[in-house]
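Shown next, in structure tokens, is the structure this report addresses.
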Amino acid sequence: MDLRGKSVVITGAGKGIGKALALALAKEGANLGLISRTSGDLEALKAALTEVYDVKVSIAVADISVQEEAERAVVSLQNDLGAFDALINNAGVAQFGTFLEMDPADWRRHLEINLFGVYYVTRAALPAMIERSSGNIINISSTAGERGFATGSAYCSSKFALMGMTESLAQEVRKHNIRVTALTPSTVNTPLAENAGLKIGDEDRMMQPEDVAELTIAALKLPDRVFLKTAGIWTTNPQ
Ligand code: NAP
């Protein structure tokens, strides 16, 4: 797919992987819809992108874990950009703690954002894709969606569930020429990794958010007749 002039919506676009995706996709000439909860992040990114690239950038401030906010954001971006050629469900949170020590409200928040948030945004965007008989949905999952680890019960539960939702939806909508993908990066050098205490060793050797953006764009550019079902991307040599 040639991304020039295509409409691509990114959740969690204000920081980390989402921000790198926005920069890389603007460079490809895609028109962008950006969603996150912090308007300052989105305004600053929009200004930076439109200064350099000849693309349309529309922003929607929303907490995707609130169904009405997710739906309102999708409608507003569809009004500005038209039906989405691609939706990248990237927004997510990660906090680690033992099963008993972690506050149940924090545990629940992982499911509300990392699973229900993706469900609400996708549910709002899907009808227009089905109507056009085309579209791409890329869910940024994690190695935590493939393997559990101590202190990861909340995050892993949300990402394992996201993997199941992704594969089921892919099976359901491929007959409409809609491609649904789950990417499963290991640790990426972002604010999320920093806050979760995941950044260890030499930052320059770590996978960067731009690397995940490159894989995402490669998935979008595959011929329409095929799609990447899942793909892992790891740091080559972190030590
Ligand atoms: P990040 O640096 O913390 O950025 C996350 C973005 O999501 C921010 O813009 C944040 O902005 C937004 N966001 C969070 N909750 C939201 C909500 N409820 N509604 C709307 N926007 C929300 O995180 P990242 O490392 O780039 O992670 C992006 C995705 O990659 C996540 O799904 C994460 O699980 C996944 N991932 C990350 C790593 C890693 O090591 N970094 C590895 C594998 C997978 P606001 O707070 O302003 O809303």
Residue by residue through segment 179-189, which ³J(HN,Hα) values in whole Hz follow from phi under the Karplus form 6.51 cos²θ - 1.76 cosθ + 1.60 (θ = phi - 60°), with glycine and proline marked x? 9, 10, 10, 10, 9, 10, x, 7, 4, 10, 6
If R₀ is 35 angstrom, what is the calculated FRET efficiency for the pair Arg72 and Ser186, using the beta carbon separation as r and rounding to 0.05? 0.55
Cut-off under 20 Å on the C-alpha distance; same-chain residues fewer than 8 positions from Lys6 excluded. Which lysines are left, in chain and number order? Lys19, Lys27, Lys46, Lys56, Lys221
Sequence-distant residues sharing a close amide H with Ile88 (under 5 Å, placed H): Val9, Ile10, Thr11, Ile138
For Ile59, residues with placed amide H under 5 Å, excluding near neighbours: Leu34
With θ set to phi - 60°, apply the Karplus curve 6.51 cos²θ - 1.76 cosθ + 1.60 along segment 232-237 and write out the HN-Hα couplings as whole Hz, x wherever there is a Gly or Pro. x, 9, 10, 5, 5, 8
Given unit charges at Cβ for Lys, Arg (+) and Asp, Glu (-), the dipole magnitude of the chain about its Cα centre in debye, nearest 20, is 620
Just check the chain against the gyration tensor rule for me: Cα atoms, a ≥ b ≥ c as the square roots of the eigenvalues, rounded for a/c under 1.5, and otherwise prolate or oblate depending on whether a/b exceeds b/c. rounded
Amide H to amide H under 5 Å from Arg179: which residues, 5+ apart in sequence or cross-chain, H placed 1.01 Å off N in plane? Gly135, Asn136, Ile137
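By average Cβ neighbour count within 10 Å, what is the ranking of 23-34, 82-93 from highest down? Walk me through the numbers on the way to the answer.
Details: 23-34: 22.3, 82-93: 23.9.
So the order, starting with the most tightly packed, is 82-93, 23-34.
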Where in segment 2-22 is the amide nitrogen less than 15 Å from a point lying 7 Å along the Cα-to-Cβ axis of Asn177? 2
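Read-outs throughout are calculated quantities, based only on the coordinates presented, and are distinct from any laboratory measurement. Values in this document were obtained by computation on a predicted structure and should not be read as measured data. No Cβ is skipped: glycine too gets one built from the backbone with ideal geometry, and neighbour counts run over all protein chains shown.
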